[in-house]
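The values are calculated or read from the model by the stated rules, or taken from the named source; none is laboratory data. This structure is a prediction, so every number in the text was calculated from the model and none was measured. Note that each Cβ is placed from the backbone with ideal geometry, even for glycine, and that neighbours are counted across all protein chains shown.
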Amino acid sequence: MLEVVFSDSTKGSMKVAKNYDEKGMLGGAIGYIGKKPSETELKKNLEGQAIGGDSQDVVYIGFALDIGDISGEFDGVERQSVFQRMWERFDFDDNQQEQFFNNQRKDMKKLLSAATTGTQIRIWKSNTPYSTCGFYFICNVLRNIDCQISVVTLPEYQQVSDNEIVIYSDWGQVNPGKLYQFLPLEKQLSQSEKQMFSNRWCDLVKENAPLRAIVNGKLISVPEDYYDYIITKNIPDDDFIMARLIGNIMGNYELGVSDSWYALRIEKMIEENKLIIVEHKDMSHPYGKKLKKVIV
């Protein structure tokens, strides 16, 4: 069984989930933020089961396909330009970028090998734009290959007890030891469904918009400033730190949009004199600027 995910962090979680060891987790070194949890709370957080299989049978396909030019290859010049634009403020050098795309190529090779040799492929999809794009993209890649594909779609929420509901927007929010709980949601993907989603991807490629977003439950092409209203709505009247604004937006609107994209749009607002830089509060932090709204 080859597990397919759409982010690097989810790939790491899935690797852990394949052979999850509750006792080993409880006995290992554990980091936490804020107040130290009680032993009972810690045990509850770490309890779980493995989903089975080899931890090497996990691939991450498609870098941020909801953003930028998708007319070329998944590892081509166009996608590498998107990588540079998204991550330039994090000081990634050329070697790190090349390593990232080498890993993408290795994972793509592993996916194609599984498809052509009869290995079951299981896709873990959420309703975020980047995950839906990745899912459509894979359906297009595997369109003409007769292979077994199943899909586990992340539900909007999970009722864990009579009095507790957990809300999710992305697989990265699910603890590795809890991923097994979603296996009953696994559904086989038919050939006609695969072709339908492949066609949708081809339509998006033809449009090749700057951005793709989920609108009324459907993935569509949208303009580059699509999320600007949300940013503008949350800008305080007083001075503010860029990182805090981004954090507030991501906390209040779980849309599956990356912090890097919000940062790019905020930088655009600075260029357009809608925001001014008051102070470079923390030069070591990519979002460390203190900003202020320009009153017209």
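Numbers at a glance
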read-out: Any hit, segment 283-294, residues being surrounded by fewer than 14 Cβ atoms within 10 Å (Cβ to Cβ), within 25 Å of ARG85 (Cα to Cα) and of a type outside the set (A, V, I, L, M); value: yes
read-out: Within segment 167-182, considering residues that are aliphatic (A, V, I, L, M) and surrounded by 13 or more Cβ atoms within 10 Å (Cβ to Cβ), the one nearest to SER150 (Cα to Cα); value: LEU179
read-out: Qualifying residue in segment 272-283 (condition: closer than 28 Å to SER126 by Cα and touching a residue at least 12 places away in the same chain (Cβ under 8 Å)); value: no
read-out: Selected residue [within 21 Å of the chain's Cα centre (by Cα), touching a residue at least 60 places away in the same chain (Cβ under 8 Å), assigned by TED's automatic domain parsing to the domain that holds SER150 and surrounded by 14 or more Cβ atoms within 10 Å (Cβ to Cβ)] from TRP261, TRP201; value: TRP201
read-out: Only one of LYS194, LYS206 that is over 20 Å from the mean Cα position of the chain (by Cα), surrounded by 18 or more Cβ atoms within 10 Å (Cβ to Cβ) and not in a strand (DSSP E or B); value: LYS194
read-out: Some residue of segment 86-102 being over 30 Å from ASP225 (Cα atoms), crowded, with 16+ Cβ neighbours inside 10 Å and of a type in the set (A, V, I, L, M, F, W, C); value: no
